[in-house]
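Undergrad: After the structure tokens below, expect a handful of questions from me.
The values are calculated or read from the model by the stated rules, or taken from the named source; none is laboratory data. A quick note: this is a predicted structure, and the numbers were derived from the prediction, not measured. Quick reminder, even Gly has a Cβ in these numbers, built from the backbone with ideal geometry, and neighbours come from all protein chains shown.
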Amino acid sequence: MQFVGPSVSERMLKYVPTNLRTDLSHLTEGDKRALVILADISDLITKIFYRQAWTGATQLQERLADKALNGSKDDQAIYSMFEIYRGPWDRSMENKPFFDGVGPKPKGANMYPADMTVAEFDDWVKTLPVSDAKRARGYYDLIQRRDGKLCLIEYSKAYEEQLQSVAKLMREASELVSDPSFAKFLRMRGDAFESNDYQESELAWLKISPNSTLEAAIGPYETYEDELFSAKAFFRSVIHVRDFMGSQDLAKFTQCLELIESHLPIPDEYRNTKLVPPPISVVNQVYHGGDTAAP
């Protein structure tokens, strides 16, 4: 497999490595230990994302990583570019592949059979019970072909080994973090990875206290990698350390919402007289994984 198109050095000129620092002095020792675990979780989430993205992604990523370990600067840059774009397609050049033999970026990623047509999918969904039809068009099930027929596979089964590892680490981290609401989210999200039911853990995420020093979004979220139906959610992980001073500064603006509302050039009957300042937090992202490709 050969690198094609503009050279890797030319492509990488668009990206400049930058050191970003975050103040961790207000974290407890438990929070700091949990951060390490959350980083490990993020790396596992990346492995799941590669499985979702393309059938050959995992194998190619491992090959490039091995080559970069003791290879040339170009080998290291190629691996970095693969990681930046989360695959062998240059997202800044309309997803043109930068390896020969890769082919176009699959519209359905690896969430549907490569030979499945939209018409076949639609006809199949019509034959399903209502609950299964909802799953087929929903976020958390793969569509695979077995014995020549389309079928549903829950994420919890499709990625069982890795999700069980993630769930175990989530529970370990929950025992270390200082904030009970964040700990609850971690536990419930770990349960969701095994049950394939994400609703309760999503609600728990919304209830993470603004006083929590740590915050994270871990799980299947965005659907834009599914260019067939924009239906299937892809795994991602972003780990944040809360900036309390920045949050306090931003809160000054939320306290002015009623004043702003009162000066809007709209009739009085359209004014919201019961505005509640929304909780807005400033956070510093310290790690990420999965569906976090650069444009």
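Undergrad: Quick one: is Arg11 basic (Lys, Arg), assigned to a helix (DSSP H, G or I) and within 22 Å of the chain's Cα centre (by Cα)? Before you say what the answer is, go through the steps one by one.
TA: Details: basic (Lys, Arg): yes; assigned to a helix (DSSP H, G or I): yes; within 22 Å of the chain's Cα centre (by Cα): no.
No; evaluated as a whole, the condition is false for this residue.
Undergrad: Mind counting the residues in region 263-285 that are closer than 30 Å to Thr22 by Cα and either in contact (Cβ under 8 Å) with a residue 60 or more places away in the chain or out of contact with any strand residue (DSSP E or B) (no Cβ under 6 Å at 6 or more places or on another chain) (or both)?
TA: Total satisfying the criteria: 7.
Undergrad: Any chance you could count how many residues in region 87-116 are touching a residue at least 40 places away in the same chain (Cβ under 8 Å) and not basic (Lys, Arg)?
TA: Residues flagged as touching a residue at least 40 places away in the same chain (Cβ under 8 Å) and not basic (Lys, Arg) within region 87-116 amount to 17.
Undergrad: Please specify each residue of region 60-98 satisfying the condition of being more than 29 Å from Ser156 (Cβ to Cβ), in a loop (DSSP other than H, G, I, E, B) and touching an Asp or Glu at 6+ places or on another chain (Cβ under 8 Å).
TA: Within region 60-98, Phe98 is the sole residue that qualifies.
Undergrad: From the list Arg187, Arg146, Arg137, which residue is closer than 21 Å to Leu38 by Cβ and of a type outside the set (Val, Ile, Thr)? Write out each step before concluding.
TA: Values: Arg146 fails: closer than 21 Å to Leu38 by Cβ; Arg137 fails: closer than 21 Å to Leu38 by Cβ.
None of the other options fit; the residue is Arg187.
Undergrad: Take Lys252 and decide whether it is of a type outside the set (Val, Ile, Thr) and modelled with pLDDT of 95 or more. Explain how you work it out, then say what you get.
TA: On the way: of a type outside the set (Val, Ile, Thr): yes; modelled with pLDDT of 95 or more: no.
Considered against the rule, which asks whether it is of a type outside the set (Val, Ile, Thr) and modelled with pLDDT of 95 or more, Lys252 comes out as no.
Undergrad: Can you confirm whether Ala65 is in contact with a helix residue (DSSP H, G or I) (Cβ under 9 Å, 6 or more places away or on another chain), surrounded by fewer than 18 Cβ atoms within 10 Å (Cβ to Cβ) and of a type in the set (Gly, Ala, Ser)?
TA: yes
Undergrad: Mind listing whichever residues of region 24-39 are farther than 19 Å from Ser80 by Cα, surrounded by 11 or more Cβ atoms within 10 Å (Cβ to Cβ) and either of a type in the set (D, E, K, R) or in contact with a Phe, Trp or Tyr (Cβ under 6 Å, 6 or more places away or on another chain) (or both)?
TA: Matches in region 24-39: Asp31, Lys32, Arg33.
Undergrad: Now for a different question. Based on what the data block shows, is Phe253 among the aromatic types (Phe, Trp, Tyr) and closer than 30 Å to Tyr50 by Cα?
TA: Details: among the aromatic types (Phe, Trp, Tyr): yes; closer than 30 Å to Tyr50 by Cα: no.
Spelling it out, it is not the case that Phe253 is among the aromatic types (Phe, Trp, Tyr) and closer than 30 Å to Tyr50 by Cα.
Undergrad: Counting only residues that are more than 24 Å from Tyr221 (Cβ to Cβ), give me the helices (runs of 4 or more DSSP H) lying completely in region 99-160 with at least 3 of them. Talk me through it step by step, then tell me what you get.
TA: On the way: elements: 118-126, 130-136, 155-158.
Hits in region 99-160: 118-126.
Undergrad: Which residue is farthest from Asp191 (Cα to Cα), if the candidates are limited to region 104-157 and must be among the hydroxyl-bearing types (Ser, Thr, Tyr) and surrounded by 15 or more Cβ atoms within 10 Å (Cβ to Cβ)?
TA: Out of the qualifying residues, it is Tyr112.
Undergrad: So which residues in region 176-214 are free of Cβ contacts under 8 Å to residues at least 40 places away in the same chain, over 17 Å from Ser281 (Cβ atoms) and in a loop (DSSP other than H, G, I, E, B), if there are any at all?
TA: Selection gives Asp197 alone.
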